[in-house]
1. Just a yes or no: is a residue in segment B:191-198 surrounded by 18 or more Cβ atoms within 10 Å (Cβ to Cβ) and within 28 Å of A:M314 (Cα to Cα)?
2. Within segment A:200-228, count every residue that is part of a loop (DSSP other than H, G, I, E, B), away from chain B (no Cβ under 11 Å) and modelled with pLDDT under 95.
3. Quickly run through segment A:348-367 and pick out the residues that are more than 14 Å from chain B (Cβ to nearest Cβ) and open to solvent by 30 Å² or more (accessible area, probe 1.4 Å).
4. Any residue at all in segment A:138-146 that's open to solvent by 20 Å² or more (accessible area, probe 1.4 Å) and within 14 Å of chain B (Cβ to nearest Cβ)?
5. Just to be sure I understand the filter: pairs with C-beta atoms under 6 Å, separated by 6 or more residues or on different chains, first member in segment B:74-87 and under 12 Å from B:T107 (Cα atoms), second member among the hydrophobic types (A, V, I, L, M, F, W, C) and in a helix (DSSP H, G or I). Which pairs pass?
6. Select from segment A:29-38 the residues that are assigned to a strand (DSSP E or B) and surrounded by fewer than 19 Cβ atoms within 10 Å (Cβ to Cβ) and list them in ascending order.
7. Quick check on segment A:91-100. Is at least one of its residues buried (at least 21 other Cβ atoms within 10 Å of the Cβ) and away from the ligand (no atom under 16 Å from the Cβ)?
8. Does segment B:100-123 include one or more residues that are in a helix (DSSP H, G or I), over 21 Å from A:Q315 (Cβ atoms) and of a type in the set (D, E, K, R)?
Amino acid sequence: MSEITVFTAKKIITMNAPMPEATAVAVRDGRIVEVGTLDTLKPWLDAHPHSIDNRFAGHVLMPGFIDPHLHPTLGATLLPCHFITAMEWVLPDRTCAPVTSHEAYLARLAEVVANEGADEEIVVTWGFHRIWHGNVDREALNAISATKPIFVWQRSFHEIIANDAAIAWMGTAREDLERHPQIDLASGRFFETGLAVAVQAMNKVLLAPQRYMKGLELVKRTVHLGGHTTIGELAYPLMNDQLEWQVLSMTMGAKDTPFRTKMVPRALQRGNFEGSPEEDVRRVAEYAERSTEKMFFGNNIKLFTDGGFFAELMQMRGPGFIDGHHGEWLMAPEAFETYARAFWLAGKQIHVHCTGDMGLELALDVLQKLQDEKPRFNHRFTIEHFGVSNPEQVQRIKDLGAIVSANVYYVHELGEAYWQKSIGYERASQMARLGSLERAGVKFALHSDFTMAPAMPLNSAWVAVNRIAESGAVLCPEECISVEAAMRAITIDAAYVLGMEDEVGSIRAGKKADFTVLEQDPFAVDPTALRDIPIWGTVFEGTPFPIAS
Amino acid sequence: MTPRIPVTVLSGYLGSGKTTIVNRRLAEPGPLRLAVLVNDFGAVNVDARLIEAADSPVVELANGCVCCSIGDDLGAALDAVAALPQPPDHVLLEASGVADPARIAMTVGYWPGFRLDAIVVAADAETVRKRAQDKYVGNLVRQQLASADLIALTKTDLLYEHQADDLQAWLALVAPRARLVETQFGNIPNALLIGQASPSPTAPGYHGSHADIFVTATLNPETPVNLPRLKAALDALPETVHRVKGLVEDAESGETVLVQSVGARHEITPAPGLAPTGLVLIAPRPTASLDAAVEALSRACTEPAD
Ligand SMILES: [Zn+2]
């Protein structure tokens, strides 16, 4: 057994109700021995060899932050791209200053092509947005380079603009591009189904193993930068089990990684003609033997109801969308029920991606049936994302024993856009209704679904507490939550959502010695400054990991 | 350039009989080299033994990212099919039961190297109207039917005559563009499903087969064809004609053009260098109106422009 290390701190916020605050925590072999004061720790310290580490004397310790839903592979494809964005993005290897005019956009892109991108086969940039950057078209990109293929990826991934060199690089017959109604070669725009043609060509670069690996290293640092010590990969695999497992093991699974990843498999894997739920229950069970300390499977599985929230493909109950379009189902409702039943009977914790109030309705209708057929306590059926809902559904969530993992960032980025263009003020302002959950006593976590939102738990907490939209307006203050609830939602309640509350999520004797080290106390700062609290770094299983500056 | 490979999109919600149609195609392959892409999972699966026995490639599409096109499997599968040493003559794509076939058709129909043949939507005659009212999938089912060029109506034998009439009247409202084909046990002749019927160089005439499930008529215009008139005539064809296909000479350019018409969808594309073969009309069962159709098309083809 190793020596005990005692970390002292200005304040330790334990998120453990019986002893909410402390100033010293004793750690041995990666676990917490005892938390309290140097005085109350005395019996342990008198009995065992120890050292006192005062490096956090000016800091605030919290339980290591937990993001129960993100997608490393998705992040790995985006992070190696060049960010030119209207908002500042702080990334592990660079800080991207805001670029907010047409001229500045083209100037920055020219810089990227001349410098960072000079050695790349193609330059792919992400973050373009017409509102800020005006009309960037093929000619404008040709003026930057006649020889370097340039792909400009729009901020919400719905459009790509390419220069002549990029169009030639794709290697697609010109007449095939010309006849496509959703490709406009004159302006260099690929959109809707035309977008897939460009992305398919770019995939050979975006998904090349070396770039994927480099991307995952960046994801790793991003996760650390946010102050996380535990994350959930919430739909494994994204595409290809063999490749993904190998590369994830080499990066996220490496010894120096300062966090652990709970792998939550998709309940249903296609591509092998084995479309039976029994087969999938078996496949999921077989993953368990791969588990390591850093990457492991548990009792959780992932299912989907309706389409993506950013893509406006959530299924909405009446009156639906302003423009009359319909959302989509990611799996047929009957198939959802069949798979949910198979995994319910197998005793699994089922996480369901639900974005619209109709998607949520389906999840709750099926949960009701399953409870009628085979009642379960402590099943933790989890509503993931929780975009649009109504107050009565909150009561049903509670009555059926379900819990929620929410992407509250929707309110900040999409609240006003969906108010104006998608579903109107009443429903848009109330998206991610966490205040109702808090009042009803339903447990919930906050997640980023990275890359859908920045992987910054304090940023998510800031949105949940203040509901400040992009313009600065506050949307539906009635659905704001307390700082206490927000802090639980990124620590102990997030652990609960992942079924790991016995190991992580609070600071108490016996748990993993995971801490997030803050420069300020989230309970003491003005709530509107929550996201600005600097993070020193983390302690993962007793070892400090400062954020490299 | 090499000709684009036609893709028939086979759509339909769960229980519509769509997979049975795919299984039947695999069990009874025609002379065409057909690649089958499967994108569904449901109560009925594509029969694995048939897949093994089939000499045509059968691919099941895998998951991609639900939020963006990264790792999208449909495009990758089409590219792989086109890159085969011996590319297929035709692709049959079984769309996911929850897919919007119009969107899928847009993706595959304009995918480099491919073109859309038709959107065929399967519907269970007994249950489709109830499905179309479903809380969760009613919108989707109606949207699928509305996108159809052909509706493959299964289990019509279980309906009384007045029910069948009601159903047809209802479908005419929900899917005004679509032609109807009745099928039993997934049995749709290739001629109707994928338009596989080679134009015969002989004189016009009927060729019945498949126990009179469908008939074809061939039309050989003696002079070059006035395309605007032909288009107008195709638009005016009776609902009993499901497909028209073949090569004719364009009176204006003197070049050969490929005529492909499925239901209300017509496409006339240049096919320089190919010899005109005439047009084949395909209809589901012997019908007097095929005569009238041949007559009308024939007039449109030969009359000079105003
Ligand atoms: Zn997700």
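The values are calculated or read from the model by the stated rules, or taken from the named source; none is laboratory data. Treat the numbers as computed from the prediction; the structure is a model and nothing was measured. Here the Cβ positions follow ideal geometry from the backbone for every residue, glycine too, while neighbour counts run over all protein chains shown. Areas reflect the complete protein model, heavy atoms only, side chains present, ligands, DNA and RNA absent. Shrake-Rupley method; radii C 1.70, N 1.55, O 1.52, S 1.80 Å.
1. Filtering segment B:191-198 down to residues surrounded by 18 or more Cβ atoms within 10 Å (Cβ to Cβ) leaves B:191-197.
Next, from what is left, pick out any that are within 28 Å of A:M314 (Cα to Cα): none.
The answer is no; no qualifying residue exists.
2. As a first pass, look at segment A:200-228 and keep what is part of a loop (DSSP other than H, G, I, E, B): A:207-208, A:226-227.
Imposing the further condition that a residue be away from chain B (no Cβ under 11 Å) reduces the set to A:208, A:226-227.
Checking which are modelled with pLDDT under 95 leaves us with A:208.
Residues in segment A:200-228 being part of a loop (DSSP other than H, G, I, E, B), away from chain B (no Cβ under 11 Å) and modelled with pLDDT under 95: 1 in total.
3. The answer is A:K348, and nothing else.
4. Scanning segment A:138-146 turns up no residue that is open to solvent by 20 Å² or more (accessible area, probe 1.4 Å) and within 14 Å of chain B (Cβ to nearest Cβ).
5. B:G75/A:A196
6. Residues of segment A:29-38 that are assigned to a strand (DSSP E or B), as a first pass: A:31-36.
Within segment A:29-38, just A:R31 meets the criteria.
7. yes
8. Within segment B:100-123, none of the residues are in a helix (DSSP H, G or I), over 21 Å from A:Q315 (Cβ atoms) and of a type in the set (D, E, K, R).
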